[in-house]
């Protein structure tokens, strides 16, 4: 860091296994990617090329090379996986990941229905090719999954080989673990944490209030995802008590009197 401050909570060191910041890149140019990483790379752990943007992004390999220079893993959004799957092109998906040097893969079923045993089969197959993240939850706001089912699905997907399970929220943060207003379904989240280790869950939290909730609940090393590139530095500041929302959270009350 740039200068000394006492009472700063300890963050996990890169390469992290928890305390992750997963960034959603929805179409940065190569130059924008370079600029973004020039300031934010120490705080970025993994990048998702959102939904199907990788299909239409020009000079994709050049852009991926920029992330590679900073040793930041990149993966294609789960929507792209589903797009291949619904077209019976699962093997083509694997080939595309290999062609582009993608070693992180997301398995999701937010847009299409996949029998869960079949989904776990895809997870198991993809673990032979890299690190698997699997997303739990529907992009359909009317599809409410009860807490016991979230736990059952997450547990099965971790057992199938997922390194992390992602709690669905979409890029807007208004479905899945959130209500349509963006408010956290607190009972759901807290029940999930009674059964699933927090270190294995990435909470999609694009909104500041959502990020704050998980920092307050889990601590500075909560795994947070769908973070906008412009929000990485503000989030890191909030994680360590250097933003008004968390200013007093990590201070020793006796030594600051």
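The values are calculated or read from the model by the stated rules, or taken from the named source; none is laboratory data. Because the structure is a prediction, the values reported are computed rather than measured. As a convention, Cβ positions derive from the backbone with ideal geometry for all residues, glycine included, and neighbour counts pool all protein chains shown.
Listing for the model above:
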{"quantity": "Single match in 49, 80, 85 (criterion: touching a residue at least 24 places away in the same chain (Cβ under 8 Å) and closer than 18 Å to residue 20 by Cβ)", "calculated": "49"}
{"quantity": "Odd one out for residue 150, checked against (1) in a loop (DSSP other than H, G, I, E, B); (2) in contact with a helix residue (DSSP H, G or I) (Cβ under 8 Å, 6 or more places away or on another chain); (3) closer than 23 Å to residue 106 by Cα", "calculated": "(1)"}
{"quantity": "Condition check for residue 51: under 16 Å from the mean Cα position of the chain (by Cα) and modelled with pLDDT under 95", "calculated": "yes"}
{"quantity": "Among (1) surrounded by fewer than 21 Cβ atoms within 10 Å (Cβ to Cβ); (2) under 21 Å from residue 109 (Cβ atoms); (3) in contact (Cβ under 8 Å) with a residue 24 or more places away in the chain - the single one residue 212 does not satisfy", "calculated": "(2)"}
{"quantity": "The one condition in (1) closer than 25 Å to residue 16 by Cα; (2) surrounded by 15 or more Cβ atoms within 10 Å (Cβ to Cβ); (3) at pLDDT 95 or above that residue 128 fails to fulfil", "calculated": "(2)"}
